[in-house]
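The values are calculated or read from the model by the stated rules, or taken from the named source; none is laboratory data. Worth saying up front: this structure is predicted, and the values here are computed from it rather than measured. Cβ sites come from the backbone with ideal geometry, for glycine too, and all protein chains shown count toward neighbours. We work out accessible area using only protein heavy atoms, side chains counted, and drop any ligands, DNA or RNA first. Shrake-Rupley method; radii C 1.70, N 1.55, O 1.52, S 1.80 Å.
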Amino acid sequence: MSAVERVMQAAEDQRGTRAISSSVMGMAIFVASEAIFFAAFFGVYASSFASESVWPPKQIPLPGLVIPTADVIVLVLSGLFLTGALATLRRGAERTTVLWLAAATAGALGFLALLLAGYAGVGFGIKDGIYASLFYVVTGLEVAHAVGGVVLFGTVFVRAANGELALRHDPVQAAALYWYFVIALGIVVFLIFYLGATL
Amino acid sequence: MATTEVRVPAAAPRPRAQRILDWLTTTDHKKIGIMYLVNSFTFFAFGGAMAMLMRTQLLQPNDHLFTPAEYNQLFTMHGTIMIFMVIFPLLAGFGNYFVPLQIGALDMAFPRVNALSFWLLPAGGLVLLAGFAVKGGAAAAGWTNYVPLALQGEAGEDLWLLGLLIVGVSSLLGAINFIVTILRLRAPGMSVRRMPIFCWATLGTSLLVVLALPSFTANIVMMLADRHLGTTFFDPAQGGSVANYLNTFWFFGHPEVYILIMAAWGIISEIVPVFSGRPLFGYNGVVLALMLVIALSFSVWGHHMFTTGLVDNSFFTVTTELISVPTGVLFFNWLATMWGGKIRFEPPMLFALGFIAMFVIGGIDGVWMASPAMDYAIHDTYFVVSHIHYVLFGGTVFAVMAAMYYWFPKMTGRMLDRKLAYVHFWLMLIGFNVAFFPMHYLGLDGMPRRIAEYPANAGWTMLNILSSSGAYLIAVSMLVALANLVITLRRPRTAPADPWEGYTLEWATSSPPPPHNFDVLPPVHSERPVYDLRRAAVTEEVAGA
């Protein structure tokens with residue numbers, strides 16, 4: 001290690017106690033950009049909602065609430081498991097963390113499965129106008145993000161099971177940040193496209 | 001200063017294949033920065049060649065060098081390539097090379113992500129260009145890709161959308177990398193208030209990318225879905241709306257022009273003080289101005305839609321005129337920096353002065369167009385073409401050339417030839433004004449943009465001939481610059497570590513820097529650490545004598 005690297009490392013260590021890690025910060029910025037990405041679709045939703053007299057439009061049959069409600073509950077549960085993982089991680093109980101992570105990953109998989117199963121109860125197709133366009137594209141992107149979350153959890157889980165958590169916590173924290181975003185998205189989608197449409 | 005003169009002993013020459021592989025697999029921000037620049041200048045040649053073809057078409061009325069359909073492809077791809085493949089990546093290239101050096105870091109925060117950001121770029125560019133090879137040709141709906149025209153495009157349109165999706169991922173990853181690097185990897189002593197303005201500007205650009213680009217990504221997703229999945233986002237007949245297109249596009253589209261200019265402002269804010277022998281006037285004011293531009297840039301997108309009747313014109317007029325306040329602060333601070341300074345008219349400074357003069361013209365054009373009454377008259381005319389080129393060519397390209405002459409010695413260890421640089425500057429300045437100033441008159445006279453031919457009796461012929469000759473002159477100036485580059489690269493590496501008596505940390509290491517950037521990192525007590533070192537050395541000498 002050169003003299004410069006030692007100085008840099010010292011600065012890094014000094015900051016490390018009060019600053020978040022690079023990967024968590026990078027993920028936070030990424031999540032911010034994701035929020036803008038979805039905001040564009042919700043903006044289109046809002047302007048369509050404002051310009052239609054009947055919303056959802058008459059020809060759109062309302063979706064059933066059972067599977068979507070179960071889905072959002074599983075999603076929130078996976079978030080709680082994840083919070084458990086983060087809490088045990090802070091305490092240094094790495095073995096317990098791996099278990100919590102396994103539960104959160106299972107939750108993510110369950111969410112994804114129910115999300116896909118939910119499409120069976122939808123009585124309209126993607127070509128049925130602006131409401132259908134928004135519904136399918138936004139929920140489709142939600143599926144894509146859930147898949148991304150499962151992949152992310154998978155890699156983090158393997159690294160955690162290999163004992164990497166003793167060295168660094170930031171991969172789990174970064175993955176958690178992403179999943180919290182997916183949870184927020186899932187709740188908004190549920191409120192807008194299921195609960196809100198039915199009420 | 002003795003500490004900067006460290007020379008790493010020459011390593012044994014490595015086989016050529018090995019050296020090429022080193023470049024292809026590198027995660028060194030300096031090599032990636034150079035690859036960004038090489039890639040962008042290559043696309044610059046493509047985009048420039050398209051411009052020459054268009055100007056040749058318009059050299060005389062009723063010309064039929066190209067069919068209107070071919071001409072549509074030319075201006076679409078010219079704009080797209082220049083904006084997404086040239087200007088932004090050029091600034092990102094300089095950012096890649098110099099941000100870590102300026103903040104005293106070893107590399108970017110995520111070196112492998114950095115390599116990915118770069119390699120996605122030529123990939124996206126090739127997908128864009130592949131449009132010329134498919135049936136129906138490249139995308140032809142203009143760089144703004146308006147519906148319903150874009151919905152009717154053939155395969156070239158899909159390649160355009162996919163190419164920009166790839167380029168967008170590249171930009172987003174790059175922006176995240178810049179933000180984390182600047183916020184987390186600064187050398188000891190480098191507080192944010194001591195950060196070079198170029199780093200501030202890169203930080204600002206990256207914030208704009210993170211907050212504006214996703215809207216365009218969403219726009220592309222909707223476009224692809226409308227074209228292939230049967231959705232109706234942009235189809236008014238089925239509940240969709242063209243406003244959905246305009247809003248999601250311009251919410252990105254206007255911050256985008258600041259993405260294309262902010263780092264150029266940063267470059268000018270570095271060069272003007274160094275060659276005036278003074279610190280930057282009003283450092284805090286400049287930083288505040290950059291932040292204000294970022295904030296305001298998200299409130300002005302409607303001025304692109306004045307003539308549609310969809311937006312509140314007076315609101316967007318006020319926000320747009322407001323943005324000229326921070327921009328004015330920048331101008332006055334550059335002028336005040338030069339005031340009373342000992343100005344050295346080296347090539348970087350000449351291009352910087354060219355930037356200031358040209359950008360002020362482009363800026364004033366902008367203030368005019370921000371008035372809806374004026375905009376109704378000149379919307380979609382050559383006036384707009386003139387404005388955007390005064391801002392992006394007279395602005396950013398002049399700044400890029402300034403940066404090239406300023407930083408080339410640092411990147412390669414070789415000084416570009418000064419005489420050829422002067423020839424390049426004057427040819428480019430004259431050529432640029434001859435090419436684009438007449439477009440103001442053409443626009444005021446009502447010549448629409450994006451037309452492949454115009455009638456002989458319209459009275460536009462002379463001005464078009466003038467404009468085309470200017471364009472050819474720009475091409476000649478670029479050949480001079482290329483010749484300078486080729487000649488210089490064959491010369492030995494003789495550039496000193498700090499040829500310009502610079503202020504910022506990149507001048508504290510050798511030219512070119514070692515792979516680990518710094519052998520010794522000087523202490524940072526102000527925003528001009530290298531100047532402080534030089535002054536300390538002089539003070540010591542005087543005291544010793």
Considering all projection directions equally, how large on average is the shadow of the alpha-carbon convex hull of the protein assembly as shown, in square nanometres? 35.3 nm²
Provide a whole-number value for the mean count of partner chain Cβ atoms within 10 Å of the Cβ atoms in peptide B:176-185. 5
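I'd like to compare B:98-109, B:69-80: which one has the highest average count of other Cβ atoms within 10 Å, and what's the full order after that?
Values: B:98-109: 25.2, B:69-80: 21.1.
Packing order, densest peptide first, comes out as B:98-109, B:69-80.
Tell me whether segment B:467-545 comes out rounded, prolate or oblate; compute the Cα gyration tensor, take square roots of the eigenvalues as a ≥ b ≥ c, and use a/c under 1.5 as the rounded threshold.
In terms of gyration-tensor shape, prolate.
How crowded by other chains is B:238-251, given as the mean number of beta carbons from other chains within 10 Å of each beta carbon?
Details: counts 7, 11, 6, 5, 0, 4, 9, 1, 0, 4, 5, 1, 0, 4.
Neighbouring Cβ atoms belonging to other protein chains average 4 per residue here.
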Any chance you could tell me what percent of the C-alpha pair distances in chain A go past 24 Å? 49 percent
Rounded to the nearest 500, what is the protein assembly as shown's calculated 222 nm mean residue ellipticity when only DSSP H runs of at least 4 contribute -39500 (n - 2.57) each, over all residues? -23000 deg cm²/dmol
Rounded to the nearest 10, the angle in degrees between the Cα long axis of helix A:22-51 and the longest principal axis of the Cα atoms of chain A comes to 10 degrees
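Is the C-alpha gyration tensor of segment B:133-243 telling us rounded, prolate or oblate? Criteria: a/c under 1.5 is rounded; beyond that, a/b larger than b/c is prolate, otherwise oblate. Could the numbers behind the result be given before it?
Details: a/c = 3.60, a/b = 2.54, b/c = 1.41.
Judged from the Cα gyration tensor, segment B:133-243 comes out prolate (a/c at least 1.5, a/b above b/c).
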Over all viewing directions the Cα convex hull of segment B:31-544 casts an average projected area in nm² of 24.2 nm²
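Order B:424-435, B:250-261 from most to least packed using the mean count of other Cβ atoms within 10 Å.
Working: B:424-435: 20.3, B:250-261: 23.3.
Ranked by mean Cβ neighbours within 10 Å, highest first: B:250-261, B:424-435.
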In order over segment A:110-126: 3J(HN,Hα) from phi, Karplus 6.51/-1.76/1.60, θ = phi - 60°, whole Hz, x for each Gly or Pro, gives x, 4, 4, 5, 5, 4, 5, 5, x, 4, 4, x, 8, x, 9, x, 5
Which whole-Hz ³J(HN,Hα) couplings does segment B:60-76 yield from phi under the Karplus relation 6.51 cos²θ - 1.76 cosθ + 1.60, θ = phi - 60°, glycine and proline marked x? 9, x, 6, 6, 10, 4, 10, 6, x, 5, 5, 4, 4, 5, 4, 6, 5
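Provide the per residue accessible area, probe 1.4 Å, for segment B:67-162, rounded to a whole number of square angstrom.
31 Å²
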Mind checking the per residue accessible area of segment A:22-198 for me, 1.4 Å probe, whole number of Å²? 42 Å²
Between B:T381 and residues 5 or more places away or on another chain, which pairs have amide H atoms under 5 Å apart, with H built 1.01 Å from N, and which residues are they? B:R449
Sorted on mean Cβ neighbours within 10 Å (highest first), peptides B:48-55, A:62-69 come out as B:48-55, A:62-69
Enter the angle in degrees (range 0 to 90, nearest 10) between the Cα long axis of helix A:3-16 and the first principal axis of the Cα atoms of chain A, meaning the one along which they spread out most. 50 degrees
Specify whether the C-alpha gyration tensor of segment B:324-370 places it in the rounded, prolate or oblate class, a ≥ b ≥ c being the square roots of the eigenvalues: rounded for a/c under 1.5, otherwise prolate if a/b is larger than b/c and oblate if not. oblate
Give me a comma-separated list of calculated 3J(HN,Hα) values for segment A:77-89, in order, Karplus coefficients 6.51, -1.76, 1.60 applied at θ = phi - 60°, integers in Hz, x for any Gly or Pro. 4, 4, x, 5, 4, 5, 4, x, 4, 5, 5, 5, 4
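With viscosity set to 1.002 mPa s and temperature to 20 °C, compute the Stokes-Einstein D of segment B:232-310, Rh being the Kirkwood radius across alpha carbon pairs; µm²/s, no decimals.
Details: Rh = 15.2 Å.
After rounding, the answer is 141 µm²/s.
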Compute the angle between helix B:111-130 and the longest alpha-carbon principal axis of chain B, please, reported from 0 to 90 degrees and rounded to the nearest 10. 30 degrees
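Past the 20 Å Cα-Cα mark, which pairs from B:K30/B:K419; B:K30/B:K410; A:K58/A:K127?
Values: B:K30/B:K419 28 Å; B:K30/B:K410 11 Å; A:K58/A:K127 15 Å.
Result: B:K30/B:K419 exceed 20 Å.
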Taking every eigenvalue of the Cα gyration tensor of segment B:385-505, multiplying by 5 and rooting it, what semi-axes result, largest first, whole Å? 37, 15, 9
I'd like the mean, over residues of B:439-451, of how many other protein chain beta carbons sit within 10 Å of each residue's own Cβ. 0
Alpha carbon centre of segment B:359-391 versus segment B:495-519: separation in Å? 41 Å
Checking an interface number: how much accessible area is buried between A and B, summed over both chains, with a 1.4 Å probe, in Å² rounded to 100? 2900 Å²
Would you mind telling me the share, in percent, of accessible area of the protein assembly as shown contributed by carbon and sulfur at probe 1.4 angstrom? 69 percent
